[in-house]
Structures are given as C-alpha cells and as structure tokens.
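J.: I'd like to ask you about the structure that follows.
The values are calculated or read from the model by the stated rules, or taken from the named source; none is laboratory data. Quantities reported herein were computed from a predicted structural model and do not represent experimental measurements. Every residue, glycine as well, gets a Cβ built from its backbone with ideal geometry; the counts of neighbours run over all protein chains shown.
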Amino acid sequence: TTPSAGATGTLITVAPTGAEHAKADLPQLPTTLEEVIDTARRCEAAGASLIHLHLRDAEHRPTLDAGLLREAVRAVREATDLVVQLSTGGSVHDPLEQRLTVLDAEPDSCSLTCGTTNFGDDVFLNPWPFMSALYVQAQEREVVPEFELFDLGHVHALRRLLDTHGLPFGGAVHVDFVTGVPGGMPATTAALMAGVAMLPAEVTSWSATGIGRGHLPVMAAALSAGGHLRVGMEDNVVLRRGRLVEHNDELVARAAELATLLQRPPLSCEDARGLLGVKD
Ligand code: KMH
Ligand code: ZN
C-alpha cells in the first residue's frame, strides 16, 4: 500500500470515562455532559482524533439512555472534529438488547468486542449472536465498528465475523487490543505481538491500550510495532507512581509526545476519518 499519513502518523484515541470508576472515588473523572465536552476539546488540542464514549446519568452512574447518547454525539460533534465512537460494551450489567440500541444515536463509530471475557470478578458478555447482530446493524446504519480484542480468541472471532458478513461499512478494518483486563490477555509486549501476528489480512490498522500498570509498556510496544494508541481514564488513572491523572489531556499529551519523538506524530481528525473509513 502507498505510504500515507494514516500509515506513518499515530491515531490517538481517548477513552475518558468508561463504566467502571466511581465519581465518588475519582472526582476528576468526566461524567457530566459539560465535563465530557471540555474533555473532548482539551484532548483534541492535545493530539487525540477519536473519542470513545461511555456516558453517565445525573447520579454519575453508567447509562445507555438513548436521549443522552444522542445529545452527547451532537454536542461533541459541535465542539470538536473528533471521530465520535460510542461504546456498545456499556457496563457489565447492561442487557445485550439495550447495548444494540446505541446505534440509534448515529455515532461515527461504535465499539464491537469480539467475544465474552472474564472482567475482574464479573463477566463481560459478547455471545456470537450479539456480535453478529451488532456487526450487521452497524453495516446497515453506516457506522464504522472498532473491534475490541481482549484475548487471542477474539482475534479469531473477528476472522469469523469477516467471513460471515464481509467488510464493515467504509471498507477499513480497525482493531484495538485491550490488554491487561483481569481475565483477558496480559498487558505485555509478547501478548500484543502474538495478537498482531494473528490479525486477519483485512485489518487495515490496529491500536492498543494497556489497562493499569501495563499502560506505558503497551504504548511503547504499539508505537514501535506500527500500531496506534488508546489512552484515557477508562483504562488508566495513574499518570506516574504516586500521581493520579488530573485530566485526560495529560494522558493524550504524553502519548502525543512519545509518538512525535518516534517520528509518528498524531493524526489530524481528518486523517483519522480517512484511516477508519468513517463518513465525512
Ligand atoms: N465496560 C466494559 C465492560 C467497550 O467499551 O466496548 C466494556 C468496555 C468495552 O468498556
Ligand atoms: Zn469502553
């Protein structure tokens, strides 16, 4: 393929909130719409081009409320040029049927986890019929899925999705390795490289994130192997030993700095759209 900004630059995804941390324990976690918008703006300025969103309700609890999702997609689009990705993973307590309704909010992109995984003491359910339905509905609604791979078996399940349903909307196939979840693949270079080696030929780009302590080692491994990056308080709340993240843009800025040092500076939002095949 021809070298392009997409091949040489770095897509930086920010996952600012997630569904797991409690606002009471981490007041700096962006949970209100205003905080999410401020976060989106600051992270875009720091080098992010894609935002992976989970929303919270007025009590800061995870929610898949359709109205809130629509409002957030609209507001982030108005405030930034970021590619807007909604989580269809939600929290481990969200019913599968409700997770499918996320597409009604018409995001640019949606996450699609390629299999069930143990998730700490919980189970993050992604049975085949759910994955398959989400894949087809995303194709029909022209939403670009990002395939979340928590385990090596998930890489093989992506093969099955592609064989069964063809390419996703837009024709690109972007995957994100989520390493270091207790129950999934560890946040090590060796595990990441095993996953990369197994990727189907149709995959056009991949990123990686390390949960918790694996955050920096996985970032370095991904960059050196030609991958893209995901950072954010959903995945990691410690900036360095003894210092919590105060704002998501600190994580984005550090990722951008490292990527730039390695001659792979952050992609613009426009280049990210081209890389992922999302609608203009
Ligand atoms: N909150 C996790 C159970 C996704 O966003 O698609 C699932 C998750 C993956 O965060
Ligand atoms: Zn998520």
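J.: Give region 161-188 a look and list any residue that's assigned to a strand (DSSP E or B) and of a type outside the set (S, T, N, Q), or say none.
T.: Residues satisfying the conditions are His174, Val175, Asp176, Phe177, Val178, Pro182, Gly184.
J.: Quick check, is Val136 aliphatic (A, V, I, L, M) and assigned to a loop (DSSP other than H, G, I, E, B)?
T.: Here the answer is no, as Val136 does not meet what is asked.
J.: From His174, His154, grab the single residue that is within 14 Å of ligand 1 (Cβ to nearest atom), closer than 25 Å to Asp280 by Cα and touching a residue at least 40 places away in the same chain (Cβ under 8 Å).
T.: The conditions single out His174.
J.: Counting only residues that are modelled with pLDDT of 95 or more, within 14 Å of ligand 1 (Cβ to nearest atom) and within 17 Å of the chain's Cα centre (by Cα), give me the strands (runs of 3 or more DSSP E) lying completely in region 1-101 with at least 3 of them.
T.: 50-53, 83-86
For every residue, the table says whether it meets (1) crowded, with 23+ Cβ neighbours inside 10 Å; (2) closer than 19 Å to Val155 by Cα.
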{"position": "Val84", "(1), (2)": "yes, no"}
{"position": "Leu100", "(1), (2)": "no, no"}
{"position": "Gly120", "(1), (2)": "no, no"}
{"position": "Trp128", "(1), (2)": "no, yes"}
{"position": "Met131", "(1), (2)": "yes, yes"}
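J.: Tally up the residues in region 102-111 that are away from ligand 2 (no atom under 11 Å from the Cβ), buried (at least 21 other Cβ atoms within 10 Å of the Cβ) and not in a loop (DSSP other than H, G, I, E, B), please.
T.: 3
J.: From Pro30, Pro62, grab the single residue that is in contact with a helix residue (DSSP H, G or I) (Cβ under 9 Å, 6 or more places away or on another chain), surrounded by 15 or more Cβ atoms within 10 Å (Cβ to Cβ), of a type outside the set (Ser, Thr, Tyr) and more than 22 Å from Leu276 (Cβ to Cβ).
T.: Pro30
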